[in-house]
Amino acid sequence: MSATRILWGQILVVSLIVLTTIWAATEWTAWRLGFQPQLGHPWFELAHFPFYAPPAFFWWWYAFADDKHVKITVEIPASLHRDLVAYADALGRANGQTIADPLKLIVPMLQRFIATDRAFAKTRTRPKPQPDVAETERSG
């Protein structure tokens, strides 16, 4: 076999592997984002499950890259604040660290709560039904 021969079979296999992994990343990302309308229209749907074009992952990466933090002010009861301070102390003792600002624990606690809420996860993973074309023409 000469060194100048192009191995088309290997090029095809590697290209299919790359395409499949990018498409899997796109679908996983869409699922984790709850199939939000901001993701755009799916490429096609199969059994009411939206499939997006493989490179959509990169478009979303660029579009959602400037997701900035939002600063909010919240009033909490004094008893909850005391519990939060006590929790921070207990957590600090368990980890051998001191937690300077117990309020910094609120964001990770909320993230964990939302990530483990099964009812909320079901609403985010179910694709939203699209209105029928005939219905939108009649109503509009």
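Values in this text are rule-based calculations from the coordinates and carry no lab data. These numbers come from a predicted model, not from an experiment. Every residue, glycine as well, gets a Cβ built from its backbone with ideal geometry; the counts of neighbours run over all protein chains shown.
Go through 23-30, 36-43 and give me the packing order, highest mean Cβ count within 10 Å leading. Walk me through the numbers on the way to the answer.
Values: 23-30: 16.8, 36-43: 13.1.
Descending packing order for the listed peptides: 23-30, 36-43.
I need Val85, Val70 ordered by Cβ neighbour count within 10 Å, fewest first.
Val70, Val85
In what sequence, highest mean first, do 8-20, 51-63 appear when ranked by Cβ atoms within 10 angstrom? Could you put the intermediate results ahead of the total?
Numbers: 8-20: 10.1, 51-63: 15.2.
Ranked from most to least packed, the peptides come out as 51-63, 8-20.
With an 8 Å Cα cut-off and a minimum separation of 6 or more residues, compute the relative contact order for region 1-96 in percent.
Numbers: 37 pairs, mean separation 20.6, N = 96.
Rounded, it is 21 percent for region 1-96.
Once R0 is set to 41 Å, what does the formula 1/(1 + (r/R0)^6) return for the Cβ-Cβ distance between Ala100 and Val18, expressed as a FRET efficiency to the nearest 0.05? The partial results should precede the final answer.
Working: r = 46 Å, r/R0 = 1.11.
Calculated value: 0.35.
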